[in-house]
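Report on one structure; see the data block that follows.
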Amino acid sequence: MSKTRRMCYAALLAAMYVPLSLYVAVQVGNVRISFGSLPVVMAALLFGPLDAVVVALVGEFFKQILTYGVTYTTVLYLIPPALRGLVVGLGAAAAFRRGRRLEERRALCYAVCVAAALCTTVGNTLVNWLDSVLLHYYTPALIFGDLAWRLVVGILNAVVMASLAMPLVTVLRKRNAVSGL
């Protein structure tokens, strides 16, 4: 696959990130359940960690700008989605080096996506904590009070995203629409 074509796919996935994060989402208390991680997981499965991190960074940057504008901590909020792309991408690359694609090893794919979700949730918690300390609104209940709930929701979201991403990536590969890992 040419670099130009691969960049176009990454750009399309990053562009999908914003509406899937903002408009295909449900707010439950302090927890937001969205489909925003789907393009990141797909980029990781298709192309590996670098492309997935770029998709997450670009997509989350535009989401942050559209939602909150530019703040002192905008860059910090780019880190947790990038962690998801990195973890799933590294898992996909490792599976590929062992002779099978990650989406072909369903149980492992679910495990990697859940691990990535846990990293993302912990990363979000740390960024929220740092944001609250820097902007002087820290209270333990606000930052850590719903952590257990956010971990559960993150795991469920990861299972749903993996369940969607695996067949989508398989179809794209069978139709020779993309090539990568």
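Remarks
- Where residue 155 falls short, out of the listed (1) touching a Ser or Thr at 6+ places or on another chain (Cβ under 9 Å); (2) open to solvent by 70 Å² or more (accessible area, probe 1.4 Å): (2)
- Residue in segment 49-61 that is touching a helix residue (DSSP H, G or I) at 6+ places or on another chain (Cβ under 9 Å) and in contact (Cβ under 8 Å) with a residue 60 or more places away in the chain present: yes
- Scanning segment 51-65 for residues being closer than 13 Å to residue 15 by Cα and over 11 Å from the mean Cα position of the chain (by Cα) gives a total of 4.
- Residue in segment 119-126 that is modelled with pLDDT of 95 or more and either surrounded by fewer than 16 Cβ atoms within 10 Å (Cβ to Cβ) or touching a Cys at 6+ places or on another chain (Cβ under 9 Å) (or both) present: yes
- Exclusive hit being within 30 Å of residue 4 (Cβ to Cβ), of a type in the set (A, V, I, L, M, F, W, C) and either open to solvent by 20 Å² or more (accessible area, probe 1.4 Å) or not in a loop (DSSP other than H, G, I, E, B) (or both), set 115, 107, 95, 141: 95
- Residues that are part of a helix (DSSP H, G or I) and open to solvent by 70 Å² or more (accessible area, probe 1.4 Å) within segment 127-137 comprise 129, 134, listed in sequence order.
- Per-region count, segment 16-35, residues in contact with a helix residue (DSSP H, G or I) (Cβ under 9 Å, 6 or more places away or on another chain) and either within 11 Å of residue 63 (Cβ to Cβ) or not hydrophobic (A, V, I, L, M, F, W, C) (or both): 9
- The number of residues in segment 80-92 being within 12 Å of the chain's Cα centre (by Cα) and either charged (D, E, K, R) or more than 11 Å from residue 122 (Cβ to Cβ) (or both) comes to 8.
- For the condition on the phi > 0 side of the Ramachandran plot and either without any contact (Cβ under 8 Å) to a residue 24 or more places away in the chain or among the aliphatic types (A, V, I, L, M) (or both), residue 69 qualifies.
- Of all residues assigned to segment 90-106, none qualifies as being closer than 24 Å to residue 28 by Cβ, aliphatic (A, V, I, L, M) and touching a residue at least 24 places away in the same chain (Cβ under 8 Å).
The values are calculated or read from the model by the stated rules, or taken from the named source; none is laboratory data. Here the structure is a predicted model, which is why all the values come from computation and not from measurement. Neighbour counts run over all protein chains shown; Cβ positions are idealised from the backbone, glycine included. Remember, those area values only see protein heavy atoms, side chains included, never the ligands or the DNA or RNA. Shrake-Rupley method; radii C 1.70, N 1.55, O 1.52, S 1.80 Å.
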